[in-house]
Amino acid sequence: MKESAAKKKVLVIDVGGTHVKILASGQKEMREIDSGPSMTPSRMVQQVKALAKDWEYDAVSIGYPAPVVHGRPFHEPYNLGDGWVGFDFKKAFGCPVRIINDAAMQALGSYQGGRMLFLGLGTGLGSAMIVDGIVEPMELAHLPYKKKTYEDYLGVRGLEWLGKKQWRREVAKVAEMLLGAMEVDYVVLGGGNVKKLKELPPKARAGDNRNAFLGGFRLWDPSAASDADPHTTTTQ
């Protein structure tokens, strides 16, 4: 019998290089733990279970900071410990688990129909495209751009070596260029550094990192709408 995804209580896990953030169906407060090079998948599961021990959930969505192919991590993340590729998350959590690239998860939560390009301006550069509801994760970050890569210019390294003013120009230039090249209706600029933009390029709107949770809920229920404004509780 096919399971009813829409009725599931979902725990969404947004795995990052510095923090792991979680939110469950029906909850208002996001919780987080520190991440980093020592964060292995088994440690993540153990700490997330402890952090969410008073929450009810029967399915899990994971936003993973590296390529995901056929619902599984394709290679190890750059800023975390090893062991993610091949790890049995379903067995570890004891319930169904769906895994998606973290930028794609935030893109899914930001989507408002049509053809959308998502660029995540964070430590690196996340990217994804959604066309008529179909999510296509992308890896623009390491493609050549000028004498370096897109990530070198639009990620945190670019912000540091270019300075805020020139970095803003590069973000606008790349967003407008990709808008035309990909023939999308609009661009969503997300990630932690979007708040450093003074103004947005044409046909662009600012995303919100909290949209990652809505994206995680939509992995199980595409009709899910945001009914929460999660605040952050940090647990050490």
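The values are calculated or read from the model by the stated rules, or taken from the named source; none is laboratory data. Being a predicted model, the structure only gives us computed values, none of them experimental. In this analysis, Cβ positions are derived from the backbone assuming ideal geometry, glycine residues included, and neighbour counts consider all displayed protein chains. Surface accessibility is based on the protein's heavy atoms, side chains included, excluding ligands, DNA and RNA. Shrake-Rupley method; radii C 1.70, N 1.55, O 1.52, S 1.80 Å.
Within segment 151-177, being within 18 Å of residue 126 (Cβ to Cβ), open to solvent by 50 Å² or more (accessible area, probe 1.4 Å) and touching a helix residue (DSSP H, G or I) at 6+ places or on another chain (Cβ under 8 Å) holds for one residue alone: 157. Out of all the residues in segment 203-211, is one or more in a loop (DSSP other than H, G, I, E, B), open to solvent by 40 Å² or more (accessible area, probe 1.4 Å) and farther than 24 Å from residue 61 by Cβ? There is at least one residue in segment 203-211 that is in a loop (DSSP other than H, G, I, E, B), open to solvent by 40 Å² or more (accessible area, probe 1.4 Å) and farther than 24 Å from residue 61 by Cβ.
Under the condition of being touching a strand residue (DSSP E or B) at 6+ places or on another chain (Cβ under 7 Å) and surrounded by fewer than 20 Cβ atoms within 10 Å (Cβ to Cβ), the residues counted in segment 19-53 number 8. Among the residues of segment 178-192, the one identified as surrounded by 15 or more Cβ atoms within 10 Å (Cβ to Cβ), of a type outside the set (A, V, I, L, M, F, W, C) and more than 14 Å from the chain's Cα centre (by Cα) is 186. Comparison of 77, 67 shows that the only residue that is surrounded by fewer than 16 Cβ atoms within 10 Å (Cβ to Cβ), in contact with a strand residue (DSSP E or B) (Cβ under 8 Å, 6 or more places away or on another chain), more than 17 Å from residue 211 (Cβ to Cβ) and at pLDDT below 95 is 67. Answer yes if at least one residue in segment 177-189 is in contact with a Lys or Arg (Cβ under 6 Å, 6 or more places away or on another chain), of a type outside the set (Lys, Arg) and part of a loop (DSSP other than H, G, I, E, B), and no otherwise. Yes, the conditions are met somewhere in segment 177-189. Candidates are the residues of segment 124-150 that are of a type in the set (Gly, Ala, Ser) and part of a loop (DSSP other than H, G, I, E, B); the one that is most open to solvent (accessible area, probe 1.4 Å) is 133.
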